[in-house]
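Below is one structure, written out as structure tokens; the observations come after it.
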Amino acid sequence: MSIDPDASAHGAQDGSAHDAEVARPRDSRRDPGQVRENLQRWLATKVTAPVVENVHLPETTGMSSETLLFDARWDGTDHPLVARVAPADTTVPVFPAYDLEGQARVMRAVGEHSTVPVPRVHWYEPDPAPLGAPFFVMTRVAGRVPPDVMPYNFGSWVTEADDAERAAMQDACVDVLARIHDVAPVAAGLGPAGTVTDAVRAHLDRQRSYYEWTTRTGGPRSPLVERALAWLDARCPDDRSPAVLCWGDARIGNILFDGFRPVAVLDWELATLGAREMDLAWMTFLHRFFEDIAAAAGLPGLPGFLRLDDVARAYAQRTGHVPRDLHFYTVHAALQHAIIMLRIHTRAVHFGQAQPPGDPDDAIMHRAALEAMLDDTDRQGAAP
């Protein structure tokens with residue numbers, strides 16, 4: 001998700017905007033030596049005579065699942081690995097529940113039924129005894145990721161690339177989405193798929209439940225979030241085509257690249273049934289979110305990169321599916337991100353890293369953009 005990429009688990013940067021960064025606790029409660037012993041003892045139940053070394057946290061880490069990096073050796077082979085561990089309640093989790101088994105299942109299905117590059121998931125462990133919570137272990141992949149802190153459009157290898165290289169990168173990301181959407185939902189444990197309309201309404205219901213959970217666990221009520229939920233409820237498209245597997249956190253900050261070629265697609269905890277347009281809108285809206293921050297900072301940004309119309313056109317050329325109702329799905333993405341940002345800010349307040357705003361909607365960094373969408377003065381993605 002936008003605030004918890006596991007790109008850092010594969011040797012790259014991660015994070016989100018300022019509130020996401022300050023809401024991330026700096027100290028690990030884990031003793032690396034004890035974790036190494038626990039992991040080695042646990043791994044011995046899976047392979048013969050393993051040796052675990054170099055257990056550490058990434059330099060930057062997300063705020064959803066906890067990430068542990070380690071190296072292991074068995075059968076004469078070295079294995080760079082990542083453990084994704086469910087968070088403790090004391091960390092004020094971003095989400096109410098963490099289905100690590102479901103994440104592992106989706107990643108395995110995508111790896112088995114498509115050519116999408118996903119890290120190999122070795123094991124899912126439901127027993128909390130070894131690490132204090134359920135976890136899964138996957139291969140650690142080398143690569144580079146568009147950074148979030150500071151955002152990649154502030155100055156990074158992405159801005160240093162030329163137009164042709166960024167165009168190739170954008171096309172490759174569209175191709176990743178197309179290949180994900182071709183994976184049968186049943187194979188990922190999410191089927192059988194109903195209609196797009198049914199899936200989108202179910203997703204909106206889950207977003208409403210998530211928002212209500214944030215208010216019950218220390219967060220404020222947001223008039224803007226509630227207005228956006230009502231707006232979306234009243235305008236849900238009537239689309240009787242089959243729902244598809246959606247990545248859920250479809251953004252370039254969750255992709256590792258070798259040059260400009262994707263080598264690992266990460267962070268599957270938001271995978272769901274839905275509309276193809278949900279992933280397209282999320283990818284382009286998160287770029288727009290960073291573009292707005294860059295503009296406020298007086299930076300040029302990357303205005304020609306990941307534009308919604310360009311991405312939709314490329315997707316249509318790649319798949320034959322012409323994306324529709326893109327304004328609705330852009331508002332949907334902005335609403336989902338708004339709820340996450342409210343929770344991030346609540347977390348920052350809990351850890352003494354921020355003060356509650358006088359107006360709770362001020363905790364939503366893209367407040368102005370979402371208000372403009374709801375006021376119909378911002379019609380990005382609307383049909384002409």
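The values are calculated or read from the model by the stated rules, or taken from the named source; none is laboratory data. All values reported here derive from a predicted model rather than from experimental measurement. So basically every Cβ, Gly included, is an ideal-geometry build from the backbone, and we count neighbours across all protein chains shown. Please note that ligands, DNA and RNA were not included when accessible areas were found on the heavy atoms of the full protein model with its side chains. Shrake-Rupley method; radii C 1.70, N 1.55, O 1.52, S 1.80 Å.
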| task | Find the residue count for segment 329-346, including only residues that are open to solvent by 10 Å² or more (accessible area, probe 1.4 Å) and either farther than 22 Å from residue 208 by Cβ or over 17 Å from the mean Cα position of the chain (by Cα) (or both). | result | 2
| request: Name, by its number, the condition in (1) buried (at least 20 other Cβ atoms within 10 Å of the Cβ); (2) in contact (Cβ under 8 Å) with a residue 40 or more places away in the chain; (3) not charged (D, E, K, R) that does not hold for residue 132. | output: (1)
| query | Can you tell me which residues in segment 68-115 are aliphatic (A, V, I, L, M), touching a residue at least 60 places away in the same chain (Cβ under 8 Å) and under 23 Å from residue 346 (Cα atoms)? | reply | 92, 94
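Among the residues of segment 150-166, write down those that are crowded, with 17+ Cβ neighbours inside 10 Å, touching a residue at least 12 places away in the same chain (Cβ under 8 Å) and not in a strand (DSSP E or B).
Passing the criteria: 152, 153, 154, 158, 159, 161, 166.
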| message | Among the residues that make up segment 308-328, is at least one of them acidic (Asp, Glu), open to solvent by less than 50 Å² (accessible area, probe 1.4 Å) and over 24 Å from residue 239 (Cβ atoms)? | response | no
| request: Scan segment 302-324 and report the pairs whose first residue is modelled with pLDDT of 95 or more and whose second residue is of a type in the set (A, V, I, L, M) and open to solvent by 40 Å² or more (accessible area, probe 1.4 Å), with Cβ atoms within less than 7 Å and a gap of 6+ or a chain change. | output: 316/322
| request: Quick one: in segment 230-250, of everything that is of a type in the set (Asp, Glu) and touching a Ser or Thr at 6+ places or on another chain (Cβ under 9 Å), which residue is surrounded by the most Cβ atoms within 10 Å (Cβ to Cβ)? | output: 249
